Amino acid sequence: MELHVLHRHGWSISALAREFGLNRRTVSKEVVAEARRRYPQRAKPRALSEPQRAHVERRLAICPAIRGTDLFGELQRDFQYAGSYPSFQRQLRQIRPVATQEPEVRFETAPGVQTQADWAHVGPLLLGDEMVPLHAMVAVLGCSRAPAIRFAVDCTRRTSLERLVTCFDDLGGVTHEVLTDRDTAFCVGSTSDGRAILAPEWVDLAGVLGVVPKACRPYRAKTKGKVERMVRELKESFLAWLSGRPLPSRPTLADYDELARRWITEVVLARRHRTTRRLVGDAWAEERALLSPIPARVLAGLAGDATAPPHSVVVDLTQRLLGEHVEVRPLDEYEVAL
């Protein structure tokens, strides 16, 4: 069409050939042609025959996830298919039903309803006089997106519960429920139907704090996408921000905790969230008024011993063990009693 229009407006054959990078003879044929050139359909010497195609469709209906190499072998063995595998693969793409992914559902929680928590593996940072792999407990309020970050050198259950409570304290209290992944710090296994079995220490602590502990579905990290997003920002934004700040000569975990609080105040709370369209700091101020306070005895235990697990000051584990031991008696005593 362009060749016809430009030729009618005075363009020469040579000018059109130079403009479009074509041969002069090709341009001459096109400008005198009454319709655009039509190319015949390419022959398909290795196309599937009707029986072969019917076999592939039948196998896909029974087993949609069957491998293409297995289908190719069946066609060669039972239907004498002579084509190559790449040729068969191109035809298989048109026959195999497109796998549909489960749609992502974005949900918002009301203020004071949910907190999401997870560990972030930060990597080696200077701690004292040496480089030590550090981890960060990240907790995010589900409504306002206000985060709290606490660093640690391990991810044991004892450390996880202690750092989680300090994050709650930084946020101003606890929400109605806390969502975590199935890390061994919070879960000890799962039932036959896939439900999480929460760790007894985490259940005890949740009872003292007055929260409902929940674990996300296995292999579904997007279930707690709000804290996953903050973990990503910690690695991509906080570490870059940290590289431009002077560190103490022998930094401690408390120094990194303070730097994380500065980063949250200067960067996170001052921005407008793209989903809620609100300043994170303003939304946090409203949500903080709806949080439940942490019991004083739990905070007192943290202040007295920074390494002690918070549940140890509120739960006597010896009482839990009383129901786990059974006294074995001979059957003769039961027969006498009858």
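Computed quantities for the displayed model
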| item | result |
| --- | --- |
| Rg [Å, one decimal], Dmax [Å, integer] - the stretch 122-250, C-alpha atoms | 15.8, 52 |
| Summed residue charge, Cβ within 10 Å of ALA117's Cβ, Lys/Arg positive, Asp/Glu negative | -1 |
| Heavy-atom accessible area order for MET137, MET131, largest first, 1.4 Å probe | MET131, MET137 |
| Residues whose placed amide H lies under 5 Å from that of ILE197, excluding near-sequence neighbours | VAL188, GLY189, SER190, THR191 |
| Backbone N under 19 Å from the ALA110 label point (7 Å along Cα→Cβ), restricted to the stretch 278-292 | 283-292 |
| Cβ-Cβ FRET estimate between LYS235 and VAL203, R0 fixed at 22 Å, reported to 0.05 | 0.10 |
| Neighbour-limited loop hits for GluC sites (Glu not before Pro), the stretch 1-102 (at most 14 other Cβ within 10 Å; DSSP other than H, G, I, E, B) | GLU34 |
| Relative pair counts by distance (%), Cα atoms of the stretch 1-160, 5 Å bins | 1, 6, 10, 8, 5, 4, 4, 5, 7, 10, 10, 8, 8, 7, 4, 2, 0 |
| Residues ARG93 and ASP129, FRET efficiency given R0 of 51 Å [Cβ-Cβ distance, rounded to 0.05] | 0.30 |
| Whole-Å distance, taken between Cα centres, linking the stretch 113-134 and the stretch 78-99 | 49 Å |
| Distance between modelled label sites at ARG77 and ALA289, nm, 7 Å Cα→Cβ extension | 7.3 nm |
| Signed unit charges on C-beta, dipole axis of the stretch 1-127, positive-most listed residue MET1, ASN23, PHE88 | ASN23 |
| Integer Hz, Karplus 6.51/-1.76/1.60 couplings in order for the stretch 133-149, x for Gly and Pro | x, 10, 10, 10, 7, 10, 10, 10, 6, x, 8, 7, 6, 6, x, 9, 9 |
| Sulfur and carbon atoms: percent of accessible area, the stretch 135-226 [1.4 Å] | 52 percent |
| Computed FRET value (nearest 0.05) for THR252 with CYS63, which takes r as the C-beta separation and R₀ as 51 Å | 0.30 |
| Where only alpha carbons of the stretch 212-288 are counted, the Rg and the Dmax (Å) | 15.2, 43 |
| Gain on full stretching of the segment that runs from LEU279 to THR265 - 0.36 nm per residue minus C-alpha separation | 3.9 nm |
| Amide H contacts of LEU134 (H built 1.01 Å from N, under 5 Å, at least 5 apart or other chain) | VAL122, GLY123, LEU125 |
| For CYS216, solvent-accessible area (1.4 Å; no DNA, RNA or ligand), Å² | 10 Å² |
| Per-residue SASA entry for THR166, accessible area with 1.4 Å probe, Å² rounded to 10 | 20 Å² |
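The values are calculated or read from the model by the stated rules, or taken from the named source; none is laboratory data. Because the structure is a prediction, the values reported are computed rather than measured. So basically every Cβ, Gly included, is an ideal-geometry build from the backbone, and we count neighbours across all protein chains shown. For the accessible areas, the whole protein counts, side chains as well, though only heavy atoms, and no ligand, DNA or RNA atoms are used. Shrake-Rupley method; radii C 1.70, N 1.55, O 1.52, S 1.80 Å.
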